[in-house]
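A.B. asks: If you scroll down you'll find the structure; I have some questions about it.
All of the numbers you see were taken from the coordinates with simple rules; none came from a lab. Since the model is a prediction, treat every value here as computed from it, not as a measurement. No Cβ is skipped: glycine too gets one built from the backbone with ideal geometry, and neighbour counts run over all protein chains shown.
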Ligand SMILES: [Zn+2]
């Protein structure tokens, strides 16, 4: 479900870490490497529209905890746009992990509206 090149939501692969990122990105949000950008790509203001952070601390009693970090993105009708496990691991007794979710918004000039796809539940 990739948008056409030049359209809002168009993607490319980061040459450094191979993560799928926005075509408009000038810095990879995954590996934070600067990316080559052409003339039309201006340095755009990226807004951090949402950030949620929380720590889970093991109380140092009993065995280690295993965790799966599951990220689900839904549209305004509740349809899943994306559902994926972004990380797994273990928290050992006495240890802690901090989980941070950040949603960065990039304004574009794309005024077209993508047609609704009623039954799209694409998974990657
Ligand atoms: Zn990268």
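A.B. asks: Considering Cα pairs under 8 angstrom that are at least six residues apart, work out the relative contact order of the stretch 45-110 and quote it in whole percent. Each step should come with its number before you reach the end.
C.D. replies: Values: 114 pairs, mean separation 32.6, N = 66.
Averaging sequence separation for qualifying contacts and normalising by length gives 49 percent for the stretch 45-110.
A.B. asks: Quick one: order 72, 19 by neighbouring beta-carbon count within 10 Å, fewest to most.
C.D. replies: Details: 72 9, 19 12.
Least crowded to most crowded, the residues run 72, 19.
A.B. asks: Also: Exposure proxy check: 21, 91 ranked by fewest other beta carbons within 10 Å? If you can, show how the numbers build up before the last one.
C.D. replies: Values: 21 18, 91 15.
Neighbour counts put them in this order, fewest first: 91, 21.
A.B. asks: Moving on. Between residue 65 and residue 103, what is the spin-label point distance in nm, taking each point 7 Å from the Cα along the Cα→C-beta axis?
C.D. replies: The two pseudo-label positions are separated by 2.5 nm.
A.B. asks: For residue 95 and residue 112, compute 0.36 nm times the residue count separating them, minus their Cα-Cα distance, and round to one decimal in nm. Spell out each step's value before the answer.
C.D. replies: Numbers: separation 17, 0.36 × 17 = 6.12 nm, distance 4.82 nm.
Result for the pair: 1.3 nm of gain on full extension.
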